[in-house]
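Remarks on the structure that follows.
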Amino acid sequence: VAETMLEDPMATALYIYPTKALAQDQLRGLGRLETEEMRDWFLTGTYDGDTPSNLRRRLRDAGNVILTNPDMLHQGILPHHARWNRFFTHLRYVVVDEVHAYRGVFGSHLSNVMRRLRRVCRHYGADPQFICCSATIGNPAEHAGRITGVPMQPVLWNPRQLSTAARGSGEDWRVGGDRRSALSEAIDLMTELVREEVQTIAFVRTRLAAELLFKGVRDRLRPISRRLAQSVHAYRGGYLPVKRREIEKGLR
């Protein structure tokens, strides 16, 4: 989305979250992507029940990325689409986060709101790309397609194929097959994030995996920065309460 904004300052995007807290968190993330050249024209913000009326008008008239929730889209934006004609005319992306959370009555509600949104987009000559983000579920493309009403293509993080030389070299922990393990990928990703001093939490399924991830990241960071290496900790069942409280205090 940020690349598209740089290429076309008129382009707009709509981000939809199930909670206000998630929207606020992503707003901070978008702020970090903002470049010097974007500051004169780039405007993003949350459009929900807490948004002051003057900011609502600014976002409606000049916003590039609007972060909202299904109810506000249903009640506060779509019924007044004529006032949002600039935004809808240039709408390039609709991002639905936590799409796995939309099921049952709530999911049916959102699927109808999405179809209404697509009708409004067609009215203004727009055909945005829909992007859905989800935790691991069994039928991501089918579920996202039902929610949005458009065919979806699943995209997964797939570890790279192991070369013949790497197999059996001891450099990768593998659980079988000819791909690099998820744990090795996680070690690489977490090491790079900590090097950039991005606060990071990695979730794993077992105590052993937590310790292997912890050791792997620390070993990679130690030659680079002992301070960064010491900033990484494992947190799991089996630790004494005093140790867990110490780690929790450091995280805060």
Under 15 Å from the Cβ of VAL95, count the other residues' Cβ atoms, weight Lys and Arg +1, Asp and Glu -1, and hand me the total.
-> -2
Local electrostatic count, ASP48, Cβ distance below 12 Å [Lys/Arg +1, Asp/Glu -1] | 0
Take the Cβ-Cβ distance between ALA62 and HIS233 as r, set R0 to 45 Å, and report the resulting FRET efficiency rounded to the nearest 0.05.
-> 0.55
Dipole of the chain, positive end: most advanced residue of ALA234, ALA144, THR191 [Cβ charges, Cα centre] = ALA234
Once the dipole of the chain is set up with Lys and Arg at +1 and Asp and Glu at -1 on Cβ about the Cα centre, which of LEU55, VAL120, PRO223 lies farthest towards its positive end?
-> PRO223
Where Lys and Arg each count +1 and Asp and Glu each count -1, what net charge lies around LEU221 among other residues with Cβ under 14 Å from its Cβ?
-> +2
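What percent does the relative contact order of the chain come to when contacts are Cα pairs within less than 8 Å and at least six residues apart? Write down the numbers at each step before the final one.
Details: 286 pairs, mean separation 33.5, N = 252.
So the answer I get is 13 percent.
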Would you calculate, for the chain, the mean residue ellipticity at 222 nm contributed by helices, counting each DSSP H stretch of 4 or more residues as -39,500 (n - 2.57) and dividing by all residues, to the nearest 500?
-> -13000 deg cm²/dmol
For the chain, what is the charge dipole size about the Cα centre, in debye to the nearest 20, if Lys and Arg each add +1 at the Cβ and Asp and Glu each add -1 at the Cβ?
-> 740 debye
Approximate spin-label separation GLU211-LEU33, in nm, with each point projected 7 Å along Cα-to-Cβ | 3.9 nm
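Would you work out the charge dipole size for the range 58-117 about its Cα centre, treating the Cβ of every Lys and Arg as +1 and the Cβ of every Asp and Glu as -1, and quote it to the nearest 20 debye?
On the way: 8 positive and 4 negative charges, 52 e Å.
Dipole about the Cα centre, nearest 20: 240 debye.
Looking at the range 187-252, which GluC sites (Glu not before Pro) are DSSP coil and have at most 15 other C-beta atoms within 10 Å of their C-beta?
Details: sites: GLU192, GLU196, GLU197, GLU211, GLU246, GLU248; in loops: GLU196, GLU197.
Passing sites in the range 187-252 are GLU196, GLU197.
Read the figures in this text as sums done on the coordinates, not as results from a lab. Keep in mind that this is a model prediction, so the values were computed, not measured. Every residue, glycine as well, gets a Cβ built from its backbone with ideal geometry; the counts of neighbours run over all protein chains shown.
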